[in-house]
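Here's the structure we're looking at; comments come further down.
The values are calculated or read from the model by the stated rules, or taken from the named source; none is laboratory data. What you see is a predicted model, and the numbers here were worked out from it, not measured in a lab. Because the Cβ atoms are built from the backbone with ideal geometry, glycine has one as well, and the counts that use them run over all protein chains shown. The area values use the complete protein model at the heavy-atom level, side chains included, leaving out ligands, DNA and RNA. Shrake-Rupley method; radii C 1.70, N 1.55, O 1.52, S 1.80 Å.
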Amino acid sequence: MKAINIIGICLAVILFPLCLYYIEETWRARWAGWDWGGYGNSYYGPSASEISAQAAGISILIIGFFIFQSIMNLTKVKTTTSKVMSIISMSLMGIAFLINLAVIGGASTYDEGGLVNLGVPFIMLAFSIVFLVQSVNFEKKGESSDNEIIDNQNIDEII
């Protein structure tokens, strides 16, 4: 689990500049495609919809990993904090996933719908750090201490 959470931290750091780049490229492609008064300006690069599809595809892969990370932390790390944060992160990443699907479908361009992806790295960076700490603490504590049976001898030691 530690490796998955460390990869999640790295992907969160990578996603923010990647989103900024694609938002800027989509915006430039949209404005460069306009004919400004018939002065012969022509743009031969990829269209805003092509850039949006590429950017949303990459974002879906990374957000899909974040959803996988949340599911793994939910099932493998048996702490209350990890379970609650996994459910919250799956909900938030599900919304971002659906917005990226809408961008791929052509409902909007990445400079409109991709703005959601600027918040995703900050959320998942914080959640991945907490997941990492929780998984390390859970491994140190061990799974057997959660399932201890208290009998009379243990009660006498506690009192």
>> Exactly one of these conditions fails for F66: (1) among the aromatic types (F, W, Y); (2) part of a loop (DSSP other than H, G, I, E, B); (3) at pLDDT 95 or above. Give me its number.
In response: (2)
> Taking only pairs six or more apart or across chains, which ones have beta-carbon atoms under 6 Å, a first residue in segment 45-63 that is under 18 Å from L118 (Cβ atoms), and a second residue that is of a type in the set (D, E)?
Replying inline: I51/E25
> If you take the residues of segment 33-54 that are surrounded by 11 or more Cβ atoms within 10 Å (Cβ to Cβ) and among the hydroxyl-bearing types (S, T, Y), which of them is modelled with the highest pLDDT?
Replying inline: S52
> If L98 satisfies every condition in (1) assigned to a helix (DSSP H, G or I); (2) over 24 Å from V133 (Cβ atoms); (3) in contact with a helix residue (DSSP H, G or I) (Cβ under 9 Å, 6 or more places away or on another chain) but one, which is the exception?
Replying inline: (3)
> Where residues in segment 55-86 are loosely packed, with under 14 Cβ neighbours inside 10 Å and among the aliphatic types (A, V, I, L, M), which of them is farthest from the chain's Cα centre (by Cα)?
Replying inline: V84
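Let me confirm something: among L125, L98, L115, which residue is open to solvent by 80 Å² or more (accessible area, probe 1.4 Å), within 14 Å of the chain's Cα centre (by Cα) and touching a residue at least 60 places away in the same chain (Cβ under 8 Å)? Walk me through it before giving the result.
On the way: L125 fails: open to solvent by 80 Å² or more (accessible area, probe 1.4 Å); L98 fails: touching a residue at least 60 places away in the same chain (Cβ under 8 Å).
Every option except L115 fails the conditions.
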